[in-house]
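Have a look at the structure below before the remarks.
The values are calculated or read from the model by the stated rules, or taken from the named source; none is laboratory data. Predicted model only: the values in this text are computed from it and were never measured. Glycine also receives a Cβ, built like all others from the backbone with ideal geometry; neighbour counts cover every protein chain displayed. Surface accessibility is based on the protein's heavy atoms, side chains included, excluding ligands, DNA and RNA. Shrake-Rupley method; radii C 1.70, N 1.55, O 1.52, S 1.80 Å.
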Amino acid sequence: MSIWVILKLIGSLALLMFGMKSMSESLQKMAGPQLRHVLQAMTTNRFTGMFTGAFVTAAVQSSTATTVMTVSFVNAGLLTLAQAISIIMGANIGTTFTAWIMSAGFSFNITDFVWPAFFIGILLIYSKNKRIIGDFLFGVSFLLLGLGTLKATGTEMHLESIPTVMNFFQQFDDNYLSYFIFLIIGGIMTVCVQSSAAVMAITMTLCSTGVLPIYLGIALVMGENIGTTVTSNVAALTANVQARRAAFAHMFFNIFGVVWVLIIFRHFIDMICGIVGYDPATPNPILLPVVLATFHTTFNVINTAILIGFIAWIEKLVCSVITSNKSKEDEEDFRLSFISSGLMHTPELSVLEAQKEICNFADRTQRMFGFVRELLEEKDDTAFVKLYSRIEKYEGISDNMEVEIAKYLEQVSDRHLSDDTKAKIRAMMREITEIESIGDSCYNIARSINRHHSSKNKFTDEQRERIHQMFHLTNESLSQMNVLLKGRKDFLNANSSFNVENEINNYRNQLKEQNISDINDRKYDYIIGTMYMDVINECEKLGDYVVNVVEARMGIKQHNA
């Protein structure tokens, strides 16, 4: 076997993997937002969740993409873990569509369709509005070219005439030990190349050349099913508890399926061969890839049918295996909940994760403002110092979150993005800057309250009542901001936020005039009046920052305070 043939084999695998990646990314750019909304909306029960997972995975040609979206929704509280498990089950069915594409590539000379697709693709890439469709065609073309080259190279290698290769496979008898060995080999190969599609293509090549018996080939496919879950579990090691649970549920699902198939292995494979019309005694190389694709689909469909009624039990199992280290999440530790999972594969999904992180960031700032409101009422010195230190810590968290999310968005922006995604990243950069300013305002209000707490002069009852009213309006503006950040843009209305800002501005102006009048009437001295207005004015600034976030979210031009 020449070096040139080996290089062709490796290169064809690289083409196949690149084509799968390009095709998946372009499909997500074309339909990513709609698919995310479908994934969130169509999970009312376990069956709709399963069908949704299958549809989304078949559409974007990536079970990993579906898993990432599912995990992000679980973390955000939009999906329960049980719903996520049903979607993952469906994703396992949807991903079998890839095997059918490959079996078609091995059944006839599919590369004949590649060259026109390349030509059309390059024309579309240079068209501004159709560039993503061009990327998709290029991805499909590379995939098919890789398959065709792999098939041709496998034939050219004449593996069936190489004694060393044949002796290697012939030393494995038709028994469970051999099946188990090839199952492990399939899993290791998938972990090594990080692509179940590549391992499936290798298996089809070996089977279609007559080197690998169908039973051992199917054992390789079963190992690939487990290997692809190992990858997601390793990636989820640094993620939060829910991400690890979802990844483990995926692994449990596939391992369970492999176990029951191994118990009835020969009978099950013979049934598949019967469906396809393939006789193992008289091998037909053309039908072998179809047998593998049929097995892959049937295995996942039956496995889902068995387990879909036990989702609640699976949920309890994964929760008992993957337990939280703390009885309560330490909300005051700096921790990015979404974009630190290590599961990001495409820019479109990365933007989704960043948006969830921004929502988390905004929630933290409103929580910080809640501490500020408590600080005003705290009379005990020890408790006051503890609460003030807590606010200081949150201010540091706010600074860190802004920096880390900005770094992440910069990394995403370096990749090939659609115009819509570029606009989203620009808006998110503006959002995190303004949210960090909200955190600064919360800290400034806390500092003013701290100065007041240390002074001899105290706010009058009227001043406290007015501050509470301003705090109420400010908190309402923060609540409206968080609603807009978490909602679907098409259905959002920013008028409520603008109305609250007008109320804050008018109330600030009213209190400013009232403060001057009260000082002149000697209801309190100038120093306490200054402290009082520092709190009021900072609340008004905070309201401006909130509106800036809302305008960034809605795509409105920069707000002028």
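Would a scan of the range 26-33 turn up a residue that is assigned to a helix (DSSP H, G or I) and modelled with pLDDT of 70 or more?
Yes, because at least one residue in the range 26-33 is assigned to a helix (DSSP H, G or I) and modelled with pLDDT of 70 or more.
Ala117 fails exactly one of the following numbered conditions: (1) modelled with pLDDT of 75 or more; (2) within 15 Å of the chain's Cα centre (by Cα). What is the number of that condition?
The number of the failed condition is (2).
Against the condition open to solvent by 70 Å² or more (accessible area, probe 1.4 Å) and within 20 Å of Arg553 (Cβ to Cβ), how does Arg373 come out, does it pass?
Considered against the rule, which asks whether it is open to solvent by 70 Å² or more (accessible area, probe 1.4 Å) and within 20 Å of Arg553 (Cβ to Cβ), Arg373 comes out as no.
Rundown of residues vs (1) open to solvent by 20 Å² or more (accessible area, probe 1.4 Å); (2) of a type outside the set (Gly, Ala, Ser); (3) under 31 Å from the mean Cα position of the chain (by Cα); (4) modelled with pLDDT under 90, yes/no style:
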residue	(1), (2), (3), (4)
Asn457	yes, yes, no, yes
Glu503	yes, yes, no, no
Gly529	no, no, no, no
Leu542	no, yes, no, no
Asn548	no, yes, yes, no
Gly555	yes, no, yes, yes
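Yes or no: the range 383-391 includes at least one residue that is open to solvent by less than 40 Å² (accessible area, probe 1.4 Å), among the hydroxyl-bearing types (Ser, Thr, Tyr) and part of a helix (DSSP H, G or I).
yes
List pairs: first in the range 242-254 and in contact (Cβ under 8 Å) with a residue 60 or more places away in the chain, second outside any helix (DSSP H, G or I) and of a type outside the set (Gly, Ala, Ser), Cβ under 6 Å, 6+ apart or cross-chain?
Matching pairs, first to second residue: Arg244/Ile322; Arg245/Ile322; Phe248/Ile322.
Sort through Val321, Val290, Val211, Val221 and tell me the only one that's at pLDDT 85 or above, among the β-branched types (Val, Ile, Thr) and farther than 28 Å from Ile85 by Cα.
Result of the check over Val321, Val290, Val211, Val221: Val290.
Would you confirm whether any residue within the range 296-317 is among the small types (Gly, Ala, Ser) and assigned to a loop (DSSP other than H, G, I, E, B)?
No, there is no match, as no residue in the range 296-317 is among the small types (Gly, Ala, Ser) and assigned to a loop (DSSP other than H, G, I, E, B).
Can you tell me which residue in the range 459-474 is surrounded by the fewest Cβ atoms within 10 Å (Cβ to Cβ), limited to those that are within 20 Å of Phe384 (Cβ to Cβ) and not aliphatic (A, V, I, L, M)?
Checking each candidate, the answer is Asp461.
If the requirement is being at pLDDT below 90 and assigned to a helix (DSSP H, G or I), which of these qualifies: Ser477, Ser496?
Answer to the check: Ser496.
Could you tell me whether any residue of the range 508-521 is in a helix (DSSP H, G or I) and closer than 30 Å to Leu352 by Cα?
no
If Arg131 meets every condition in (1) modelled with pLDDT under 65; (2) open to solvent by 30 Å² or more (accessible area, probe 1.4 Å) apart from one, which number is that one?
Tallying (1) modelled with pLDDT under 65; (2) open to solvent by 30 Å² or more (accessible area, probe 1.4 Å), Arg131 fails exactly one: (1).
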